[in-house]
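Everything on this sheet refers to the single structure shown next.
The values are calculated or read from the model by the stated rules, or taken from the named source; none is laboratory data. All values reported here derive from a predicted model rather than from experimental measurement. Every residue, glycine among them, receives a Cβ derived from its backbone with ideal geometry; neighbour counts consider all protein chains shown. These area figures cover heavy atoms from the full protein model, side chains too; ligands, DNA and RNA do not enter into them. Shrake-Rupley method; radii C 1.70, N 1.55, O 1.52, S 1.80 Å.
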Amino acid sequence: MLHSDLGVATSVASLVTTLVQQCDDETIEARKFAIQRLHHIIIDREFTHDHVYYRVPAPWLQIKLFRLLQYFPAPSEPHLQDMITGAIRGTILAAQEVPPDVQQVNAQNAILFEAINLAIHLDLDRKLLSEAAQLLGRFVSSRETNVRYLGLETMSHLAAYVDYNTELKKYHPVIVQSLRDRDVSVRRRALDLMYSMCSISNAKGTVMELLRHMPSADPALREEMALKIAILTERYATEYSWYVDVMMRLIATAGSHMGDEVWYRVVQVVLGNEDLQAYAVSVALQTLKAPVCHDNAFKVCAYILGEFGHLIANNEGCSPLEQLTALQNKMKTGSLVSRAVALTTVGKLANLFPEIKPQCLRLLDQYRSALDSELQQRACEYHALIARDNDELLQTVFEEIPPFPERQSALMSRLLKREADTEDRRTWVHGGKVANRERRNMLTGEKAGGGKGGARPAFQNNDGATDSLFSTDDEGAGGTRGGEQRLPTNAEADLLQLHDDEPLVEGVVDATLACQPHYDRLLWNRSGILYNDTDIQIGLTAIYKPPTGRVAIYIGNKTPHPITELLVTADHEPLQGAPTKTADGELAINIALAKDGGGDADSQQNVGNAASGLPAPMTIAPLSQVRVIYDLCCLGLFTPTLGLRVDFNADGRRRQLSMPLPVVLLHFIEPVSISAPDFFHRWRQLGIHESRESQMVFRTDQGDVNDAVIEWSHRVLDGLNLAK
């Protein structure tokens, strides 16, 4: 790239750009040469006049070199940092004045946008980024459509990687106005930018602005807009009522332009958050009573009413008969799918409220002769179950649906699939730092996030912002908010001491020590990484309902080659000691493959043969993951002896990993809160016998106790099922 002939240097830049995506370690030296060449052209003005295009020196070479450097991390050498920063600043200064020649403007802008993209990628000089933001503000306000498009696109990049929204907020009115631009591509870029700029501080305003624009939005843009509104609402919700109100309004407004994933996700969130259910079912009944109810809204309302109608049955205007009447009135105009959902709701209402069984039977009888086979079958079967007058059977069939298992949000999965389906490692996606971090995790085989059903209180992070009510990944320190990685506080980082990739060792490996920090964390955190090296990543999520539990183990392939002959076995590990048995001679803790596969067949493969109880060998595609689910049953006191063994072939190497499973007795207890006098009264009753309960008082090693340490302690106690 330092060749005297600029044509040769341009060709070499193209070659290295291709090579760096396949073998970046071997091409790292090219970074120094690219920086030096840019410095020579822009700062030293060393170029031949044969390669000057409308007063712009070697524009094609500059573009290629700026783009090439975006594949490399920022240089650590101070002199290289100064050289590349100077080249970027020189490019920005050259663009301050608009030349009269259109060709010169185009050449300058082409170089400028790549230079700004590199400045964002390196993030070496905040003053430089501030200058870039001001320049982009001029572009998004331009009368030229192409310039507005490029300005919005690059500003989205700035919002996607850098916490620098202060400079961008001043252009918010211009961005909103761009949502009404005549050019659909500009409108799409404006939507992407608003999505990327959204944060906890402006989430409500952004969501309401997009909702107001939804009815007049272009049909081709409405589905994507609905998807992004749903993601932002879930990610930044701090009030249950706001989440329900916005989502119901979104479903009603988007209409048929909204994908089914949106209303599926609403149901999942409501099922997994007890504090949300009463308000959600109240809103659902009001929606059904309204004169107009869109078909998708009808599906959501019918589903929620069948599950939680009993929570409002004693409220005025919400009696069981009124719930059934509201449902019946909307069934007349509903689609086949929505009426099928409503018939199931009728069965559930008959189970919840025996006093309206006759009315439910009459309604079901109307559909027993329906032309549609699905409606006819449901009506006939539900009618027969209710008419048998067998309450025990009815309760079993129409039992309340449990919270959905932890999984990645289908909304974010769909958005990432649409925007990140490329092998270009430099390419970024819209959606702020959240989406780009998840995309990088996908490209490296790391866990991108799983849906989390349970609710948790809002938590103040370092910036004073409040976390969302709905966690979609690890809770606690280092966890995520709606897929966004939350950096731990200093106290949390010291307490967790998380490790990076473990060194690769072939053959049989006892990974107990390697996964110890992760193991300790997973004792109180229900989701997270258990083991990580250059070949695989092993993650774990757990749900406990004493005396049973369910553990999902995720095996991710981080290599560009398939992992074959994978065997995942969880059992009592001899290295952990002899398993504890009850007085009857049975194992105190039983573990077996889940027979139902965990209910997540759409998004993952369940490894193993549940019918035989034995694991089955599997293959993991490059940068993909599989899942194995085990059911647990605690029959008595036990010591931790459960272990996990993972055998696989990786690129011709046979490996076997053995590690303990973070399953302990505390996971199968339920906390009891008692007053201090009652506690000490019971304590004194225990006497001084050897079996008396013991106590230990210890101090944290974090020095002064602050809010972060107290919050962390509360999370640990909650995770261990201990009352505070």
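Just going by the charge dipole of the stretch 176-270, with Lys and Arg at +1 and Asp and Glu at -1 on Cβ, which of M208, A237, S256 is farthest out on the positive end?
Of M208, A237, S256, it is M208.
Ordered by packing density, taken as the mean number of other Cβ atoms within 10 Å over each peptide's residues, highest first, how do 133-140, 218-225, 364-371 rank? Numbers along the way, then the final one.
Working: 133-140: 19.6, 218-225: 16.6, 364-371: 15.0.
Descending mean neighbour count gives 133-140, 218-225, 364-371.
Arranged from highest to lowest average of other beta-carbon atoms within 10 Å per residue, in what order do the peptides 382-391, 299-308, 347-356 appear? Spell out each step's value before the answer.
On the way: 382-391: 15.5, 299-308: 25.5, 347-356: 20.5.
Ranked by mean Cβ neighbours within 10 Å, highest first: 299-308, 347-356, 382-391.
Please give, to one decimal in nm, the separation of the simple spin-label points placed at D260 and E26, each 7 Å out from Cα toward the Cβ.
Result for the modelled spin labels: 4.7 nm.
Calculate the spin-label point distance for I669 paired with V174, positioning each point 7 Å from the Cα along the beta-carbon direction, and give it in nanometres.
That separation, rounded to one decimal, is 6.1 nm.
For S201, S338, what's the largest-to-smallest order of accessible area, 1.4 Å probe? Provide the component values of the computation, followed by the final result.
On the way: S201 90, S338 0 Å².
Correct descending sequence by accessible area is S201, S338.
What does the highest-first list of 313-320, 587-594 look like by mean Cβ count within 10 Å? Can you show the working numbers first?
Working: 313-320: 13.6, 587-594: 19.1.
Output ranking for 313-320, 587-594: 587-594, 313-320.
Residue separation times 0.36 nm, minus the C-alpha to C-alpha distance between D101 and S185: what's the value? Mind showing how you got there, number by number?
Working: separation 84, 0.36 × 84 = 30.24 nm, distance 2.57 nm.
Fully extending the segment from D101 to S185 adds 27.7 nm.
Take the cross-link list K348/K545; K545/K595; K32/K64; K299/K595; K228/K558 and give me the ones stretching past 20 Å between alpha-carbons. Intermediate results must be reported in sequence, preceding the final value.
On the way: K348/K545 23 Å; K545/K595 18 Å; K32/K64 15 Å; K299/K595 29 Å; K228/K558 29 Å.
Violating the 20 Å limit, Cα to Cα: K348/K545; K299/K595; K228/K558.
Suppose all protein chains stay in the model; what accessible area per residue would a 1.4 Å probe give for the stretch 222-364, in Å²? Walk me through the numbers before you get to the answer.
Working: 4930 Å² over 143 residues.
Normalised by residue count, the accessible surface of the stretch 222-364 is 34 Å².
Among L136, L61, A190, which residue has its Cα positioned farthest towards the positive end of the charge dipole of the stretch 55-194, with +1 placed on the Cβ of Lys and Arg, -1 on the Cβ of Asp and Glu, and the dipole taken about the Cα centre?
The listed residue farthest towards the positive side: A190.
With +1 assigned to the C-beta of every Lys and Arg and -1 to the C-beta of every Asp and Glu, and no other charges, what is the dipole magnitude of the stretch 1-82 about the Cα centre in debye, to the nearest 20?
Details: 7 positive and 10 negative charges, 67 e Å.
So the dipole magnitude of the stretch 1-82 works out to roughly 320 debye.
Give, rounded to the nearest 20 debye, the magnitude of the charge dipole that the stretch 138-202 has about its Cα centre when Lys and Arg contribute +1 at Cβ and Asp and Glu contribute -1 at Cβ.
On the way: 10 positive and 7 negative charges, 54 e Å.
Value, rounded to 20: 260 debye.
Can you pick out the pairs among K204/K332; K204/K330; K170/K204 whose Cα atoms lie more than 25 Å from each other? Each step should come with its number before you reach the end.
Numbers: K204/K332 36 Å; K204/K330 31 Å; K170/K204 18 Å.
Beyond 25 Å between Cα atoms: K204/K332; K204/K330.
If you roll a 1.4 Å probe over the stretch 211-250 with all protein chains in place, what percent of the accessible area is carbon or sulfur? Display every interim value, and only then the final one.
Numbers: 560 of 1160 Å².
That share works out to 48 percent.
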